[in-house]
Amino acid sequence: MKEQHTVKVSKYLSKHLRHEPGRIGLTLDEAGWVEIDELLAAAAAHGFRISRAQLDRAVAENDKQRFSVDGTRIRANQGHTVDVDLGLAPAEPPAYLYHGTVARFLDAIRAEGLRPMTRHDVHLSADRETATRVGSRRGRAVVLPVDAGAMHRDGHTFRVSANGVWLTPAVPPRYLRFPG
């Protein structure tokens, strides 16, 4: 089982590399990168001391591989609510991708499809198991198959992040398979 502090570090990184870098005085570059030393200094200045070893451990042990390290820099792989361009090239998706959700959102999804909400893109998984884990964070998971092949043929763009999460601006309801 993961050390509790490692989980706290991972959540702290997610918050400040994906959503609120300015809260601790960070400025991400256009691609979402920030110098690790700058991140560690900003965290310490705001009462959250992280050593480089603790940061490296949180990055390495993150089950979703949410972060990338490139030399002296770090960034989140996807899920940003702040404006960044991850530079991901369009990619041809597999025939089906999957989205994990919970039953209380199904009526809205049936009506509007999948929307990115506060994020830049809708996140899709390559397999049912991952989508089940994602959906179960909010309750009993419902996994919706997405006809990604048909979407792609119809001109929708897909990209895949460094950790294998498939990204697309939206999924119209006609490409979703609903339970029952």
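Summary table
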| item | result |
| --- | --- |
| Residue among Gln78, Gln54 that alone is polar (S, T, N, Q) and out of contact with any strand residue (DSSP E or B) (no Cβ under 9 Å at 6 or more places or on another chain) | Gln54 |
| Qualifying positions in region 22-38 - out of contact with any helix residue (DSSP H, G or I) (no Cβ under 6 Å at 6 or more places or on another chain), surrounded by 14 or more Cβ atoms within 10 Å (Cβ to Cβ) and more than 16 Å from Arg66 (Cα to Cα) | Glu35, Glu38 |
| Positions within region 55-97 being part of a strand (DSSP E or B) and over 14 Å from the mean Cα position of the chain (by Cα), in sequence order | Val69, Asp70, Arg73, Ile74, Pro90, Leu97 |
| Where a residue in region 138-161 is on the phi > 0 side of the Ramachandran plot and its partner, wherever it lies, is surrounded by 13 or more Cβ atoms within 10 Å (Cβ to Cβ) and in a strand (DSSP E or B), with Cβ under 8 Å and at least six apart | Gly139/Val102 |
| All positions within region 65-108 that are among the aliphatic types (A, V, I, L, M), farther than 27 Å from Gly32 by Cα and out of contact with any helix residue (DSSP H, G or I) (no Cβ under 7 Å at 6 or more places or on another chain) | Ala103, Leu106, Ala108 |
| Hits in region 87-100 (condition: over 25 Å from Lys8 (Cβ atoms) and either without any contact (Cβ under 8 Å) to a residue 60 or more places away in the chain or buried (at least 19 other Cβ atoms within 10 Å of the Cβ) (or both)) | Gly87, Pro93, Pro94, Ala95, Tyr96, Leu97, Tyr98, His99 |
| In region 105-128, the residues that are charged (D, E, K, R) and either at pLDDT below 95 or within 15 Å of Pro169 (Cβ to Cβ) (or both) | Glu112, Arg115, Arg119, Asp121 |
| Unmet requirement for Arg73, which otherwise passes all of (1) over 18 Å from Asp121 (Cβ atoms); (2) modelled with pLDDT of 95 or more; (3) exposed (fewer than 12 other Cβ atoms within 10 Å of the Cβ) | (3) |
| Pairs, first over 15 Å from Arg75 (Cβ atoms) in region 35-60, second part of a helix (DSSP H, G or I) and not hydrophobic (A, V, I, L, M, F, W, C), C-beta under 6 Å, six or more apart | Phe48/Tyr12; Arg57/Thr6 |
| Yes/no for Pro116 being in contact with an Asp or Glu (Cβ under 8 Å, 6 or more places away or on another chain), of a type outside the set (Gly, Ala, Ser) and not assigned by TED's automatic domain parsing to the domain that holds Asp63 | no |
| Residue in region 1-13 that is over 19 Å from the mean Cα position of the chain (by Cα), among the hydrophobic types (A, V, I, L, M, F, W, C) and over 24 Å from Met117 (Cβ atoms) present | yes |
| Among (1) under 15 Å from the mean Cα position of the chain (by Cα); (2) not in a helix (DSSP H, G or I), the one test that Pro145 misses | (1) |
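The values are calculated or read from the model by the stated rules, or taken from the named source; none is laboratory data. These numbers were taken from a predicted model, which means no experiment stands behind them. A quick note on method: Cβ atoms are made from the backbone with ideal geometry, for glycine too, and the neighbour counts reach across all protein chains shown.
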